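Trainee: Could you have a look at this structure, given as structure tokens, before my questions?
The values are calculated or read from the model by the stated rules, or taken from the named source; none is laboratory data. As the structure is a prediction and not an experimental result, all values here were calculated from the model. Neighbour counts are summed over all protein chains in view; Cβ atoms, including those assigned to glycine, are modelled from backbone coordinates with ideal geometry.
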Amino acid sequence: MAYKITDDCIKCGACAAACPVEAISEGDDKFEIDADKCIDCGSCADGCPVECITEG
Ligand code: SF4
């Protein structure tokens, strides 16, 4: 299961910088995680200031 970003995202970009496989990109209202690229490492969730990244 890939990680997901909820609507609480403030678009700070911290997650995109933390992702080792560049699975995170900026969407219209929030950042988004490409489930096909995500390797479930959790690096993005650890660095999110508003804890809006959830597993599964
Ligand atoms: Fe990238 Fe890891 Fe977050 Fe998946 S869990 S989006 S691989 S940082």
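Residues are listed down the side, and each one gets a yes or a no for (1) surrounded by 13 or more Cβ atoms within 10 Å (Cβ to Cβ); (2) within 19 Å of MET1 (Cβ to Cβ):
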position	(1), (2)
CYS15	yes, yes
PRO20	no, yes
GLU26	no, no
ILE33	yes, yes
CYS38	yes, yes
VAL50	no, no
ILE53	yes, yes
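Trainee: Assess whether ASP8 counts as being modelled with pLDDT of 95 or more, near the ligand (Cβ under 6 Å from one of its atoms) and loosely packed, with under 14 Cβ neighbours inside 10 Å.
Mentor: Answer is no for this residue.
Trainee: Mind listing whichever residues of region 28-54 are within 8 Å of the ligand (Cβ to nearest atom) and either within 14 Å of ASP8 (Cα to Cα) or of a type in the set (D, E, K, R) (or both)?
Mentor: Residues of region 28-54 within 8 Å of the ligand (Cβ to nearest atom): 33-34, 37-45, 53.
The answer is ASP34, LYS37, ASP40, ALA45, ILE53.
Trainee: Which number in (1) surrounded by fewer than 15 Cβ atoms within 10 Å (Cβ to Cβ); (2) more than 10 Å from the ligand (Cβ to nearest atom); (3) not β-branched (Val, Ile, Thr) marks the one condition that ALA2 misses?
Mentor: Looking at each condition in turn, ALA2 falls short on (2).
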